[in-house]
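As structure tokens, the structure follows; a few thoughts come after it.
The values are calculated or read from the model by the stated rules, or taken from the named source; none is laboratory data. Everything numeric in this text was worked out from a predicted model, so none of it was measured. All Cβ positions, glycine included, derive from the backbone under ideal geometry; neighbour counts span all protein chains shown. Ligands, DNA and RNA are excluded from the accessible area calculation, which covers all protein heavy atoms including side chains. Shrake-Rupley method; radii C 1.70, N 1.55, O 1.52, S 1.80 Å.
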Amino acid sequence: MGLGIVSASYGKALLKYATDCGDTDEVYRSMSVLGQSFVNVPTLRAALENPVVDDEKKFHILNLAAGETSSESLKQFFKLVLKNRRIAMIQFMAHAFVDSYRKEKHLIHSHLTIPVELSAETLGRLKNLVKEKTNNEVEFVVEVDPSIIGGFIMEYDTYCFDASIRNRLKLIKKNLLNNNNFLASK
């Protein structure tokens, strides 16, 4: 079986098991943290795949990378992955679980970039706009980036809406350069 099929199977099986155990939300938080840990700590994969490191230490590393989960179902899942020698796929399993969880809960993950901190009320209104447009619950990750000057950039699914001042200025500059090149060629 291919990497994607195995990872998706494990992710879906974990979702079913966590649902049966009643701790899907805890597992979701932990698997989200685990997935991000692979991005933030590039050496994590090498440590987990190192044949010199025993399974007990790998289990401890996984638990730390998942934010020291209290979920017994996730701990059992980690043990199963180690027992079945599927540790090289754990990052993909984490993403498969997160995707399956979001589909089941009708949850959209959205990345919002803003130039300054916004009030909870304003963030709530933006969240409601996305919720109305998609008919799904919305999970925001907010990033403050002063370089966008003003406005915001919102990304979810395959949709990206860039209403930043930085983007508007780029478009104006591009149009001015295109017009200048047009006039110079005449």
Exercise. Can ALA13 be described as open to solvent by 30 Å² or more (accessible area, probe 1.4 Å), in a helix (DSSP H, G or I) and of a type in the set (A, V, I, L, M, F, W, C)?
Worked result: yes
For this session: For residues that are open to solvent by less than 40 Å² (accessible area, probe 1.4 Å), of a type outside the set (Gly, Ala, Ser) and under 15 Å from PHE152 (Cβ atoms), tally how many sit in region 106-121.
Result: 4
Exercise. Counting only residues that are β-branched (Val, Ile, Thr) and either in contact with a Gly (Cβ under 7 Å, 6 or more places away or on another chain) or open to solvent by less than 60 Å² (accessible area, probe 1.4 Å) (or both), which one in region 26-51 is farthest from GLN76 (Cα to Cα)?
Worked result: VAL33
Problem set entry | Leading residue by the ranking (modelled with the lowest pLDDT) among those in region 131-186 that are of a type in the set (Ser, Thr, Tyr) and surrounded by fewer than 10 Cβ atoms within 10 Å (Cβ to Cβ) | SER185
Exercise. Looking at region 68-91, which of its residues are open to solvent by 50 Å² or more (accessible area, probe 1.4 Å) and under 15 Å from SER32 (Cα atoms)?
Worked result: GLU68, SER70
